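Coordinate-derived values only; no laboratory data. Note that the structure is predicted; figures quoted are calculated from it, not measured.
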Amino acid sequence: MEKQKQQDLMEKIVSLCKRRGFVFPGSEIYGGFAGTYDYGHYGVLLRKNVIETWQQVMRDHDNIAFIESSIFTAPRVWEASGHTTGFSDPLVSCKKCRTNHRADHLLEAVGVKADEKMSEAQINKLFDENRDKLKCSVCEKKDFGSVRAKKLLATSTLGMFAEDDQEVYLRAETAQGIYINYKNILDAGPFSIPFGIAQVGKVFRNEISPRQFLFRKREFEQMEMQYFVHPRDAKDFYEKWKEERMTYYSKLGIKKEKLRWKRHDNLVFYAKDAWDIQYEFPFGWDELEGVHYRGDYDLNQHQKYSGVDMSAYDEETKTHFIPHVVETSVGVDRTILMLLANAYDEDEMGGEKRVVLRFAPNVAPIKAAVFPLLRNKPQLVEKAREIFRALKKMFGNIIFDDNGNIGKRYRRQDEIGTPFCITIDFDSLEKGDVTVRDRDSGKQERVKIEDLVKKINF
Ligand code: ATP
């Protein structure tokens, strides 16, 4: 897709999200608050479906435990993990308009390989070598200061009185809550190596330039799974998880050609291997999920800092060992942006232009809408309400709409991606069947009321 079209698509998605109540800018009535967005009704339902699909995939394994760890953790956790010293992004400011940028992103945009894991000295050297090519995306001037490492950990305070407030970190990833509980889960049983721990939860990062809507936020949600294995089996499990994670996206209805693997050019010193799944977002290919083979670094660090033995026992060799970790980590919000971009379409139906979100039925926020053909005919309304209540009891996300003509009601449901619209007419009262209209093709078919559940159950 050419650049202008991509930008248009992003703008259309942002405006549809606000108009139809998927996502609103955070603190909007106070002028907004950078890097935050609030989810509205349909956004919440969409998130719920994403999280449930991910959890279901994890539940399909018998050896994956679930956990919900605290957002507030002892500050030592983040010292042990290396976040207090090493978790930063390269910040560079435009001297003219004072806009802050990620130096690695500016370099990447002009085709120079760079990433946030480079040392301050390394990235400054690269930046200086390319200064003549680099300009501010806001004021277009080529006048930057030097690159500094900006710490990403967000902080808060806890305490009774201001004078004894303790500075604490808000978690920057859910993974650390998993590492510090791995021994608890192992000891509590019934899980044993190899096994995984899965967690969904909010995380916070002081991102330098939150941008691209839901792609880079300061408060976002992660779905992470850490798989603990014997070192001799780690490579095999890593390959297995890579395959499984890519397959997962077909369950969300994502077009295959929009996904690809990208290996990390610059591995952190402890990582054994690291690949990202990238999606072709409207602004280009970028990371959606990380699938990383992290070795024993994390457990070793927590063993060192906490003094607690993190080893497991290998029955085969009768020896203790520190498990290696295969990690899969994806953001809920980035997934939502991907789903919206993947689903957004404009076409013509019945001679009228329409906007349609072609969500896979299992992720669509509303599964089906139920309409009485006419709102002023009590028998139709009563029958429609009866069907609506029965389906709602079964699925939850069913909507009733009797407002405006049928065409308008279809358009409204198309815009929020409802796969099926069910209309109750006079024939329904006599013959016990209803019209089911398919969102994508607009085709209508008569379906017996007793077959409705089967028809819409994806
Ligand atoms: P990036 O390179 O884009 O900053 P990252 O490598 O720092 O991402 P991870 O720390 O590996 O990301 O986090 C795992 C996942 O969490 C990412 O693949 C992404 O889906 C999500 N994620 C990370 N940062 C953000 C953010 N600021 N806003 C929304 N989602 C995010």
### Query
By how many degrees, between 0 and 90 and to the nearest 10, does the Cα long axis of helix 120-129 differ from the longest principal axis of the chain?
70
### Query
Measuring from centroid to centroid over Cα atoms, what is the spacing of the stretch 206-230 and the stretch 1-23 in Å?
22
### Message
Suppose a student asked you for the relative contact order of the stretch 252-370, using Cα pairs under 8 Å spaced at least 6 residues apart; what percent would you report?
### Response
20
### Message
If the reach is capped at under 20 angstrom between alpha carbons, list the lysines near residue 256, excluding any in the same chain fewer than eight residues apart.
### Response
240, 242
### Query
Tell me which aspartates and glutamates have Cα within less than 20 Å of residue 377's Cα, excluding those fewer than 8 residues away on the same chain?
386, 401, 402, 425, 427, 430, 433
### Query
Based on the Cα coordinates of the stretch 51-164, what is the per residue volume of their convex hull in Å³?
215
### Query
In straight Cα distance, which lysines are under 20 Å from residue 304, not counting same-chain residues fewer than 8 positions off?
183
### Query
Hey, what angle do you get for helix 3-19 against the long axis of the chain, alpha-carbon based, 0 to 90 degrees rounded to 10?
70
### Summary
Summing -39500 (n - 2.57) over every DSSP H run of at least 4 in the chain, dividing by its residue total and rounding to the nearest 500, the 222 nm mean residue ellipticity is -10000 deg cm²/dmol
### Query
Helix 332-343 versus the longest principal axis of the chain: what angle, 0 to 90°, nearest 10, using Cα atoms?
40
### Message
On a 20 Å Cα-Cα criterion, which of the cross-link pairs 96/117; 125/150; 202/262; 202/258; 408/443 come out too long?
### Response
96/117; 202/262; 202/258
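Relative contact order of the chain, please, whole-number percent, based on alpha carbon pairs below 8 angstrom and at least 6 residues apart.
About 13 percent, as a whole number.
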### Message
Need the C-alpha centroid separation for the stretch 441-458 versus the stretch 297-345, integer Å.
### Response
42
### Query
Which Rg and Dmax, in Å, describe the Cα atoms of the chain?
25.4, 79
### Task
Could you check how many percent of all C-alpha pairs in the stretch 357-458 are farther apart than 19 Å?
34
### Task
Throw me the Rg/Rh for the stretch 217-348, computed over C-alpha atoms with Kirkwood Rh, two decimals.
1.07
#### Entry: Considering only the stretch 366-456, percent of DSSP beta bridges that pair antiparallel, nearest 5
55
